[in-house]
């Protein structure tokens, strides 16, 4: 089988081939490593490639499978890890200079789970410095380039994950999402990402940005692939104080139940305000298709939503500053100017301002969640705008437009998925966001899968 | 039946008489109102007595019961409400001057629930100003006096509730507990109080002190009475953002299962450090009795517990300051000097200090809760010391001794009960604290009931 055939397959397809022993994990891993060799110099998606470890793991996986000891659908599947997931023996930079040489002595809990499931790790994926900033360009490891247009950003902070998936440099990846960092690169790179419910996936061993908003989750090329990886990552972690103690479900089952019978909210306020016209039109077309597929799409007004920025930013700012306080004192020069400026602006936040924001957030969430009495999911553009150019972002970081529609679900803790739903005339991907009730990943993924099955956006590959 | 006989009965006994129509709610209510008339001038337990409303409610309850429409065990039972529970049409001071004339236009959610259960409200109970301060004396409504020794404090902040129950001025009362404010007056007044699991009882319509630590709960003269009131107060409240969404259980069932088979942790560190020798000896005797009753009492070392004050105080301080910020700006002269001083000392708390404390709290809770892998409950003195004199507290507020053993369970959110377990030579009550797993009120109450059934401390009445 051609190497480029392997790297353009979905995880599910690859998994089938591996399970039927039509291809070995080593062949697949080698195909991905070759493509990384070929394309990463241009895309800069990986900070660290662990080729030797990956090949060794792939060989072991192949031996186990040959011996009839297949662990499951992820066994032998090459995966990339966002570089803030701690990896035992492999440096974990969090996109920072401060941790440039840090080699953790343990795996993040989710990395252990993926390892147990038999995944093969290709390396550590580039990201925003400390996962911070809507459009910041990493000053230490260089910009990640969007495979659909190399002068554009991939979105962040999990930009390396988005670019690598879109370009076929891994079969799935991990991301993390505090204000949109899984869904934004999924949207801008034309791939799929889900931010699970707060507390469903362990945060232990993931470098924090803002602990009450941080979510770890999978990114992949299809909804089914995301579901498979989520199954392996989710579940209670008694050693993570933020774990909800909730068991993982069989998310990959029931994805074929279709859209019929689902009540889908289409917000008439906030979520389209300031949207690029092409983005708005494309997402409305996607909503119409959901209706064609049998979903009951109903317009609704989302309460409290206009407070998103006022409520969210002090929470995010307070917590990220608290984490960085010591580094800011000891190593201020090792920050890039954008992130340093953001953090410094947070120095004087008082406890009362932060607490008032958290209280406002509790009330905001209560009001927001009330709409899910009437609907099962809510759809919107993932980002208001498609990918901007790296040059324009270096000149003037765009503010709130990228996280405008994603931050609400970090605040409420609800699951939210981004699936590709079209392209701009210029050829840049557009994402459809589907959000559901807390711990109702199943319904979110089901609707995403129904939409995906009726379209072929996810099958397009960028012209590299 | 003699009026004093009625007011010295347990709620369960009264409820039985009312259910069998051997006594009417009006007779019972009148007996309590007479006793309040007689004793409240000395004890100062009530800020507001709502005699007319109580008699009207009692009459209606009597009519319903006579018509065969008995609502349940609380129907026609006279109850006192801590004066931070909002009551529609009845002023709610929170022990403050600022709210001295505030008449809410709604009931607290728990007040509605108790009303639906048929409870008759006798009035609003005195408390620390804004529920704040270990031994502060209310500067606006005067000190509550401990029925066991009138020159002593009843403990706080629910001091009116504790004194009223101990003196027979209500059949049950509500309290609230942020650092120990239900359990401390229960301990110092020789009655029973339970701080339920965080989020089990709605906080909506209860004037807050520190929202991540506030707990509402019942106080009564026996464990069974507490269980009955808790049944009525607990349960999900979709309009309370801090509600855990957890259904109430039949806490009053299964209280007779005894102590046999329960694993009881007796801490060898922290919980007896600085304890008054009489308190320590009495509580150890109570633990020995639990062993006699068939419980498996085992000594254990509680991890992380020495961090209680360092972890807890910034959380409490930050949140109480955030709530009071506006009043401090607009009406600083309407605070008493103790509370004003406490609040002012919190002005400069930064968001980072508060957040770091909340993170430390999450880790503290995780470590603390791990001991409940080995034991079902943990016992300790409720307070390290018995009631001090009002005079000594006015001169120098005692610091951490009263909340030393109670605050840990506000931080972890676990249920914790105080039951009377003896008296000092000077005749002051001593409380035994029993804490259990989150949402395992049933086991905590069961052990408390087993201990109570084997002793008669709860039957003693103060010599008034």
Condition broken by residue A:269, with the remaining ones in (1) within 23 Å of the chain's Cα centre (by Cα); (2) surrounded by fewer than 17 Cβ atoms within 10 Å (Cβ to Cβ) satisfied: (1)
Residue that is surrounded by the most Cβ atoms within 10 Å (Cβ to Cβ) [pool: residues in the range A:348-391 that are part of a loop (DSSP other than H, G, I, E, B) and within 14 Å of chain B (Cβ to nearest Cβ)]: A:349
Any hit, the range B:166-184, residues being within 14 Å of chain A (Cβ to nearest Cβ), modelled with pLDDT of 95 or more and either surrounded by fewer than 24 Cβ atoms within 10 Å (Cβ to Cβ) or touching a strand residue (DSSP E or B) at 6+ places or on another chain (Cβ under 9 Å) (or both): no
Residue satisfying all of: in the range A:392-417; free of Cβ contacts under 8 Å to residues at least 60 places away in the same chain and not in a loop (DSSP other than H, G, I, E, B); nearest to residue B:241 (Cα to Cα) among these: A:412
Residues satisfying the stated conditions in the range B:286-311, i.e. within 21 Å of residue B:450 (Cβ to Cβ) and within 24 Å of the chain's Cα centre (by Cα): B:286, B:287, B:290
Single condition residue A:226 does not satisfy, out of (1) without any contact (Cβ under 8 Å) to a residue 24 or more places away in the chain; (2) within 21 Å of residue A:377 (Cα to Cα); (3) touching a strand residue (DSSP E or B) at 6+ places or on another chain (Cβ under 9 Å): (1)
Among the candidates B:413, B:426, residue that is modelled with pLDDT of 95 or more and buried (at least 19 other Cβ atoms within 10 Å of the Cβ): B:413
The range A:310-332, residues that are touching a helix residue (DSSP H, G or I) at 6+ places or on another chain (Cβ under 9 Å) and surrounded by fewer than 14 Cβ atoms within 10 Å (Cβ to Cβ): A:310, A:332
Failed condition for residue B:198, given (1) surrounded by fewer than 24 Cβ atoms within 10 Å (Cβ to Cβ); (2) in contact with a helix residue (DSSP H, G or I) (Cβ under 7 Å, 6 or more places away or on another chain): (2)
Subset of the range B:235-255 [more than 14 Å from chain A (Cβ to nearest Cβ) and either touching a helix residue (DSSP H, G or I) at 6+ places or on another chain (Cβ under 7 Å) or free of Cβ contacts under 8 Å to residues at least 40 places away in the same chain (or both)]: B:247, B:248, B:249, B:250, B:251, B:252, B:253, B:254, B:255
Set A:193, A:205: member being on the phi > 0 side of the Ramachandran plot and either surrounded by 24 or more Cβ atoms within 10 Å (Cβ to Cβ) or in contact (Cβ under 8 Å) with a residue 60 or more places away in the chain (or both): A:205
Residue under evaluation residue A:458, criteria (1) part of a helix (DSSP H, G or I); (2) out of contact with any strand residue (DSSP E or B) (no Cβ under 7 Å at 6 or more places or on another chain); (3) closer than 25 Å to residue A:248 by Cβ, criterion not met: (2)
Residues of the range B:425-445 classified as within 17 Å of residue B:221 (Cα to Cα) and out of contact with any helix residue (DSSP H, G or I) (no Cβ under 8 Å at 6 or more places or on another chain), total: 1
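The values are calculated or read from the model by the stated rules, or taken from the named source; none is laboratory data. Values in this document were obtained by computation on a predicted structure and should not be read as measured data. Note that each Cβ is placed from the backbone with ideal geometry, even for glycine, and that neighbours are counted across all protein chains shown.
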